[in-house]
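*Asks:* Once you've had a glance at the structure underneath, I'll fire off some questions.
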Amino acid sequence: MESLKELLVEELKDLYSAEKQIVKALPKIARGAASEDLKSAITEHLEITKGQVTRLEEIFAELEEKAKAKPCKGMQGLLEEGSEALKEADKGELRDLQLIGAAQRVEHYEMAAYGTAKAMAEKLGLDKVTELLDETLKEEEEADQKLTEVAESLYGEVALGDEEEGQEEKYAVAGQSRGGSSKRR
């Protein structure tokens with residue numbers, strides 16, 4: 001690379017690959033979610049992500065570049081982690097929390113990449129590109145916030161379940177002790 005514009009184009013190719021990978025992964029994640037709120041958030045973000053792919057194509061056209069993906073290994077790794085949760089954990093609140101964690105790592109990766117690309121576009125005086133990248137950056141931040149809200153509600157459910165389970169164990173242990181003592185008499 002010999003210019004900031006070339007670096008920007010490389011960053012956009014990486015993002016284009018990342019977004020396309022996400023479009024393929026989100027339906028599987030939605031099917032694996034137990035929480036209706038999580039399913040809804042993922043399904044909604046899938047539609048937004050499809051729009052982000054289109055927006056990246058618009059950016060490439062604005063830069064007079066061919067819309068081409070460069071394999072994004074970082075996103076591939078993040079999505080593989082999310083896929084592991086689908087395979088390893090039973091469907092329920094805890095797996096949903098794992099999926100949210102994986103999805104938020106994806107969102108943070110995207111926010112960093114879009115922020116970097118936006119800064120480059122600003123330095124190059126590419127106002128339209130900057131505006132389009134900023135629009136996507138805001139959508140990624142909103143998705144991250146929505147995932148946080150869903151997680152907060154699930155944390156409450158899981159914590160309540162843990163408390164109830166702890167009480168049941170406490171009574172079970174107490175019952176066993178009493179039962180053991182009465183046998184000795």
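The values are calculated or read from the model by the stated rules, or taken from the named source; none is laboratory data. Bear in mind the structure is a predicted one, so any value in this text is a computation, not a measurement. All Cβ positions, even for glycine, are placed from backbone atoms using ideal geometry, and neighbour counts span all protein chains on display.
*Asks:* Restricted to segment 115-128, and to residues that are surrounded by fewer than 23 Cβ atoms within 10 Å (Cβ to Cβ) and in contact (Cβ under 8 Å) with a residue 24 or more places away in the chain, which residue is nearest to the chain's Cα centre (by Cα)?
*Replies:* So, considering only residues that are surrounded by fewer than 23 Cβ atoms within 10 Å (Cβ to Cβ) and in contact (Cβ under 8 Å) with a residue 24 or more places away in the chain, the one nearest to the chain's Cα centre (by Cα) is Thr116.
*Asks:* Still on this structure, please answer the following. Assess whether Ala121 counts as being assigned to a helix (DSSP H, G or I) and under 22 Å from Gln76 (Cβ atoms).
*Replies:* When the stated conditions are applied, Ala121 does not pass them.
*Asks:* Restricting the first residue to segment 42-71 and requiring it to be at negative phi and part of a loop (DSSP other than H, G, I, E, B), which pairs with a second residue that is of a type in the set (Phe, Trp, Tyr) and at pLDDT 95 or above meet a Cβ separation below 8 Å and a spacing of at least six or different chains?
*Replies:* Lys66/Phe60; Ala67/Tyr16; Ala67/Phe60; Lys68/Tyr16; Lys68/Phe60; Ala69/Tyr16; Lys70/Tyr16
*Asks:* Within segment 96-107, does at least one residue satisfy the condition of being in a loop (DSSP other than H, G, I, E, B) and closer than 25 Å to Leu7 by Cβ?
*Replies:* Among the residues of segment 96-107, not one is in a loop (DSSP other than H, G, I, E, B) and closer than 25 Å to Leu7 by Cβ, which makes the answer no.
*Asks:* Let me ask something additional. Would you check if Ala112 is closer than 27 Å to Leu4 by Cβ and either modelled with pLDDT under 95 or surrounded by fewer than 18 Cβ atoms within 10 Å (Cβ to Cβ) (or both)?
*Replies:* Yes; evaluated as a whole, the condition is true for this residue.
To keep it simple, each residue is scored yes or no on (1) within 15 Å of Glu11 (Cα to Cα); (2) hydrophobic (A, V, I, L, M, F, W, C).
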| position | (1), (2) |
| --- | --- |
| Glu93 | no, no |
| Gln104 | no, no |
| Glu110 | yes, no |
| Met120 | yes, yes |
| Glu140 | no, no |
| Asp144 | no, no |
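*Asks:* OK, next. Restricting to segment 52-109, count the residues that are surrounded by 15 or more Cβ atoms within 10 Å (Cβ to Cβ) and basic (Lys, Arg).
*Replies:* Number satisfying all stated conditions: 4.
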